1. How do 66-72, 35-41 rank on mean C-beta neighbours within 10 Å, highest first?
2. For the stretch 1-90, state the semi-axes of the equivalent ellipsoid (square roots of 5 times the eigenvalues of the alpha-carbon gyration tensor), sorted largest first and rounded to whole angstrom.
3. Can you figure out the FRET efficiency of residue 93 with residue 166, using R₀ = 35 Å and their beta-carbon distance, to the nearest 0.05?
């Protein structure tokens, strides 16, 4: 593209080389730690056997290499993965989050109110360690308990909860039309 004696082109190529050399270790570290937490529930590399550590690093490096070597049109893979990720972020995740909140409002209204008002704290459990995040067990503030105890008496009735669950499933079916519409738009 540019002559090999062109100085600005050489500087640009060198800058791209440095960018690739500095970004790959960061991405590898991020993906490796994510895999450790997701699959092995370990926060530190010392807690994982060396064979597993090698396998994770090998997989993170080797799978993209195979795609680069044997599939010359990498833009196609990037376009499909971008479309799938964009679809899930725009259409699916908001609906799932909203419906999860609605279900929590029906099954455990006090917890839903505390989460909505951000009046909760994570509780330390007996197996708490400094290097591990706190347990997802939460405690609700007394102020929220006093304020909402009168409002929640109606939801304790089984008939009211069953009626609310029927309404929830109708809302669920209605809200699932949003991702269906997104799929329709992506298809055509």
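Just so you know, all these numbers are worked out from the coordinates, no wet-lab data involved. Not measured: the values here are computed from a predicted model. As a convention, Cβ positions derive from the backbone with ideal geometry for all residues, glycine included, and neighbour counts pool all protein chains shown.
1. 35-41, 66-72
2. Listed largest to smallest, the semi-axes of the stretch 1-90 are 31, 20, 13 Å.
3. Once the sixth-power term is evaluated, E becomes 0.90.
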